[in-house]
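The values are calculated or read from the model by the stated rules, or taken from the named source; none is laboratory data. Keep in mind that this is a model prediction, so the values were computed, not measured. Cβ coordinates were reconstructed from backbone atoms using ideal geometry, including for glycine residues, and neighbour counts include every protein chain displayed. Each accessible area value is taken on the protein alone, full model and side chains, heavy atoms only, with ligands, DNA and RNA left out. Shrake-Rupley method; radii C 1.70, N 1.55, O 1.52, S 1.80 Å.
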Amino acid sequence: MVMTGAGVSSESGIPTFRGPVGLWNNHRPEDLATPEAFENDPSLVWEWYDWRRLLVLDAEPNPAHYAISDLELYYPEFLVVTQNVDGLHRRAGSQKVLELHGSITRARCYSSPDHIEPLQKNQKLKEYPPCCPECGEILRPDVLWFGESYDEEILSECLLFAQDCDLILVVGTSGAVGVPAAIVGTAIQKGAISVEVNPEESSLTQGVDFYINGKAGEFMPKIISELQRSQ
Ligand code: NAD
């Protein structure tokens, strides 16, 4: 099992939330990625998401994403759980991916959540906030905001997998978000060997078996080629 966070995409040029470049127009992500922020100023929140969406569509997967997608070919029982909303794991070829926090390339209706709208075009939205083509209500980004509940089906699939896995690779996450940290904790408690890759120690570092102090794009391909050699 692999758990990834924003750090796995930072070498693709996508800023993490908690690094020095995580600020946008002097707003902190914690102040924008909330239901309250959206209710107060949906246009501002959409402007930020549109900026991030275009960054993501312009970016390419990096060697860490490709190394993780290679792993899937060697292990029939395999899962990537990502906190990222950028879709780069899938673009690198990973098929067994659960996106805990949704996707920035989709919107959903604020009133009717089953109205999902893809936002694939590589251009700015025409208006902030955009409107649902089905019912005319405003759309919201199809992502999980701070303070919202996780999709129960996705969460239980992650936890079931974590309980049973032999090895968990924890890549590019600060461990600051509780649920992903708890999924990692479950795998460790249930006996999985744990390996973290992060150029800075995180709140998970103390609990892992092996900590690799380095960048994902550099070290994931090395780890994967070692695993392949031992197969
Ligand atoms: P975070 O910003 O809290 O932490 C990022 C972590 O990545 C840090 O520990 C940092 O040391 C590490 N890191 C930085 N560069 C790295 C590299 N080259 N290789 C490996 N590690 C590196 O991110 P988080 O823990 O994912 O939590 C933030 C939340 O923000 C998540 O919920 C996520 O949904 C969201 N987010 C997503 C994206 C994205 O989709 N790319 C980007 C920013 C934030």
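Here are a few things to note about the model shown:
- Hits in the range 200-217 (condition: within 15 Å of residue 4 (Cα to Cα) and either touching a residue at least 40 places away in the same chain (Cβ under 8 Å) or assigned to a strand (DSSP E or B) (or both)): 211, 212, 215, 216, 217
- Boolean, residue 67 is open to solvent by less than 10 Å² (accessible area, probe 1.4 Å) and away from the ligand (no atom under 11 Å from the Cβ): yes
- Exactly one residue among 98, 119, 88 is open to solvent by less than 30 Å² (accessible area, probe 1.4 Å) and closer than 18 Å to residue 42 by Cα, and that residue is 119.
- Of all residues in the range 188-199, exactly one satisfies the criterion of being in contact with a strand residue (DSSP E or B) (Cβ under 8 Å, 6 or more places away or on another chain) and in a helix (DSSP H, G or I), namely 188.
- Which numbered condition residue 194 fails, given (1) more than 21 Å from residue 18 (Cβ to Cβ); (2) surrounded by fewer than 17 Cβ atoms within 10 Å (Cβ to Cβ): (2)
- Looking only at the range 168-187, and only at residues there that are more than 9 Å from the ligand (Cβ to nearest atom) and either open to solvent by 50 Å² or more (accessible area, probe 1.4 Å) or part of a loop (DSSP other than H, G, I, E, B) (or both), the one that is farthest from residue 13 (Cα to Cα): 182
- If you go through the range 1-40 and keep only what is within 11 Å of the ligand (Cβ to nearest atom), modelled with pLDDT of 95 or more and of a type in the set (D, E, K, R), you end up with just 11.
- Members of the range 77-100 that are β-branched (Val, Ile, Thr) and within 11 Å of the ligand (Cβ to nearest atom): 82, 85
- For the range 133-140, the criterion of a residue being charged (D, E, K, R), more than 27 Å from residue 57 (Cα to Cα) and not in a strand (DSSP E or B) is satisfied by no position.
- Among residues of the range 198-230, those that are under 17 Å from residue 70 (Cα atoms) and surrounded by 20 or more Cβ atoms within 10 Å (Cβ to Cβ), counted: 6
- Verdict on residue 118 being farther than 30 Å from residue 193 by Cα, of a type outside the set (Ser, Thr, Tyr) and more than 17 Å from the chain's Cα centre (by Cα): yes
- Any chance residue 152 is surrounded by fewer than 14 Cβ atoms within 10 Å (Cβ to Cβ) and under 21 Å from the mean Cα position of the chain (by Cα): yes
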